[in-house]
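Each remark here refers to the structure printed beneath this line.
The values are calculated or read from the model by the stated rules, or taken from the named source; none is laboratory data. Because the structure is predicted, anything quoted here is derived from the model rather than measured. With ideal geometry, Cβ positions are generated from the backbone for all residues, glycine too; neighbour counts draw on all protein chains shown. In case anyone asks, the SASA skips ligands and DNA or RNA and just uses the protein heavy atoms, side chains included. Shrake-Rupley method; radii C 1.70, N 1.55, O 1.52, S 1.80 Å.
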Amino acid sequence: MGDSRIIISLILGLIILIILIMETKIHTFLALIITALFIGIAGGMPYDEVLNSVTGGFGGTLGSIGIIIGFGVMMGQIFEISNAAKRMASTFIKIFGKGKEDIAMAITGFLVSIPIFCDSGFVVLFPIAKALSATTKKSVITLGLALGGGLVITHTVVPPTPGPVGAAGIFDANVGSLILWGIIVAIPMVIAMLAYARWYGKKLYQISDEDGSWIRPTDQADSSIQEYEFDEKEAMPTASKAFMPIIVPIILILINTIIGALSKTRGLEITGIYAVLSFLGTPIVAVGLGLVIAIITLTKGLPREDVIKELEVGIQSAGIIILVTGGGGALGRVLTDSGVGNQIAESIASMNINPLLLPFIISTIIRFIQGSGTVAMLTSASISAPIVLSLGVNPVFATLSACIGSLFFSYFNDSMFWVVNRSLGLSDAKEQLKGYTVITTIAWAVGFITIVILNAFFG
């Protein structure tokens, strides 16, 4: 298919998508599927390939995240009915102090996302942010964005998450050095993200009422944030029981990540106990075990019928998140299979620009086109590595350049965009774009400025 035709179809498709979501009564899920079909057909892909891309992208995305979303929302429902979420909130406040709940969420996300996928981490940890919002009357928008921002930043720049590890391998960068510099680069990114989350949370003040529905009071009651107290006499599980359904999956996934890294770097054979631990540490199995632990330890004394009913409430709330997330995956697959990302990236690679900019620009464009940060940074690394390494660029900073570029402007074709916004109860496209999309773009800009400065002194 011609280069100009697929690029024009991409531009028209994105315009159609935005109009459908923001100006019509068509639901986001349907708009994503319509756009995916349009771009593929208008771009010259055979009809059967378009359909295969849509169904494959939908199924592939849900195959990796759909089950986890279902498990996670059911676990969140149990956290609420058992008051485990309140216990978690109480513990975090004791550690970080009142008035710093957003910092608690950002740091939690920052640490948790190093070993696990950010969207899985958000689904598991969001009940804590919701409980903190309900108790402190601080906007859940601030707390949710702080959590999501902390998760996605370290997931993007700090190994052993798959994207940075894969990019490091392509650039032949030292993974240990990448972890150190990745953490250093992530700190100013988190600070800038958190500042915006606080501002936007005040502008879009939203909390949950007693029934768990989202409301937007006109009075933000800022002064009351410092005055609340948890009712220690209220029936709540111990901190160990409350955190166990989260800690166990995180530990298992971390072990799986370490085993995978050792198998690649040290030639470790994944057999015997290593194979068992690797299996238990896959996100689906690990989060599923966390859900089982939550059911066993947190629902004692509750009638079986009530527990089943609450789990079904969680499943119902997961439905729309799963559909929209799958729709985003369908659009991303069509854009990938059409080849438009590679066409644009290869054109940029032929230009005479600063070599450190090359992986950043290519990753930025691919991210915007097809939505997957991991695909963006790995594709960018594959295209730019032969060029930037031959020009003497530090492999670690080249890797970080590709990784940071993959944060740009998370929007409708990114599964994390939908996980965050749907969990926060945001359905208006403008509010969604002003929230998580701006958060990722701020991190993208601050991260690249930081890496340029560091490269000037240490590159």
Theoretical gain in end-to-end length, I284 to D306 [0.36 nm per residue, Cα-Cα removed]: 5.4 nm
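Once you've got the Cα coordinates, tell me which of K137/K300; K138/K430; K94/K130 are over 26 Å apart.
Over 26 Å apart, Cα to Cα: K137/K300.
Can you order the peptides 388-401, 405-418, 350-363, 445-458 by their average number of other Cβ atoms within 10 Å per residue, highest first?
Numbers: 388-401: 22.8, 405-418: 26.4, 350-363: 19.4, 445-458: 16.6.
In descending order of packing, they fall as 405-418, 388-401, 350-363, 445-458.
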Could you tell me how many degrees, from 0 to 90 and to the nearest 10, lie between the Cα long axis of helix 162-171 and the main elongation axis, the longest principal axis, of the Cα atoms of the chain? 30
Alpha-carbon Debye profile of the range 58-174, log10 I(q)/I(0) at 0.18, 0.21 Å⁻¹: -0.91, -1.12
Does anyone have the angle between helix 28-42 and the longest principal axis of the chain? Alpha-carbon axes, 0 to 90°, nearest 10? 10
Rounded to the nearest 10 Å², the 1.4 Å probe accessible area of F368 is 70
Options V50, G212, G13, ranked by Cα towards positive dipole end of the range 1-458, top entry (Cβ charges): G212
The farthest towards the positive end of the charge dipole of the range 108-205, of the residues I141, F171, F117, given +1 on Cβ of Lys and Arg and -1 on Cβ of Asp and Glu, is I141
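Per DSSP H run of at least 4 residues, take -39500 (n - 2.57); add these up for the chain, divide by its residues and hand me the 222 nm value, nearest 500 deg cm²/dmol. Intermediate results must be reported in sequence, preceding the final value.
Details: 20 runs with 345 residues, N = 459.
Counting only the DSSP helices, I get -25500 deg cm²/dmol.
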Which angle from 0 to 90°, rounded to the nearest 10, does the C-alpha axis of helix 239-265 make with the longest principal axis of the chain? 20
Listed peptides 333-339, 51-57 by packing density, highest first (mean Cβ within 10 Å): 333-339, 51-57
Dipole in debye (nearest 20) - the chain, about Cα centre, beta carbon charges: Lys, Arg +1; Asp, Glu -1: 540
